[in-house]
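As structure tokens, the structure follows; a few thoughts come after it.
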Amino acid sequence: MLFWLKVAHIASVAIWFTGLFLLLRLFAARRRGERDARADFFNPAANRLFFRIATPAGVLAIALGMSLIPWVEPGAWLLAKLGLVAMVVLVHLWAGAQLHALGKGERRRSTVLPALLGWTPLLLLLAIAALTGAKPRGVGGLPPPGAQVVDDSAHSSNARSADEAASSRSR
């Protein structure tokens, strides 16, 4: 059962990211005035990609990923991966907001943000895959979640002398 959950999760992630890649490519083509920017092609293709492919696959990927959490080894990698998934969701929501604005006839002429977001899904996918494959327990000098933190004050000479004084009084 766990194997098939992982397979379904990976498949839905692949479909979700493919939809995001293609949708952002359509936005770039529209910005540059290419052939794919024609309204008779762009509108149905972008709507199908966002509403019928990317969004259901994203919801399914997140739901399957959440169902897999109890079976994975906890660590800093999981927290970092969840943070990266949150960034993917923000990119997805931005694409939906762009599509909604275009559907209302609004023209957004920002060139910097769409150009940066065009490569974002690829970078996020690579980072998520690297974290999932490596599964580092800690990040930098941070301990892994749930690790016992040693209190240095309990091991100092002052704490020892106070403990010795308290034990000698009780005798």
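Put simply, the amide H of residue 138, placed in the peptide plane, has neighbours under 5 Å in 76, leaving out anything fewer than 5 places away on its chain. For residue 6, a cut-off of 23 angstrom between C-alpha atoms picks up these lysines, skipping any fewer than 8 places away in its own chain: 81, 135. Between residue 18 and residue 80, the modelled label-to-label distance comes to 2.9 nm, taking each label 7 Å out from Cα in the direction of the beta carbon. Each residue of the range 37-52 was assigned a 3J(HN,Hα) from its phi angle through the Karplus curve 6.51 cos²θ - 1.76 cosθ + 1.60 (θ = phi - 60°); the sequence is 7, 4, 4, 5, 9, 4, 4, x, 5, 5, 5, 5, 4, 6, 7, 9 Hz, with glycine and proline shown as x.
What FRET efficiency comes out for the pair residue 106/residue 69, r = Cβ-Cβ distance, R0 = 41 Å, nearest 0.05? Computed FRET efficiency for residue 106 and residue 69: 0.55. The length gained on full extension between residue 39 and residue 59, counted as 0.36 nm times the residue separation minus their Cα-Cα distance, comes to 4.4 nm.
Only the coordinates and a few stated rules stand behind these numbers; no lab work does. Since this is a predicted model, take the numbers as computed values, not measurements. Ideal geometry is used to build each Cβ from the backbone, glycine not excepted, and the neighbour counts take in all protein chains shown.
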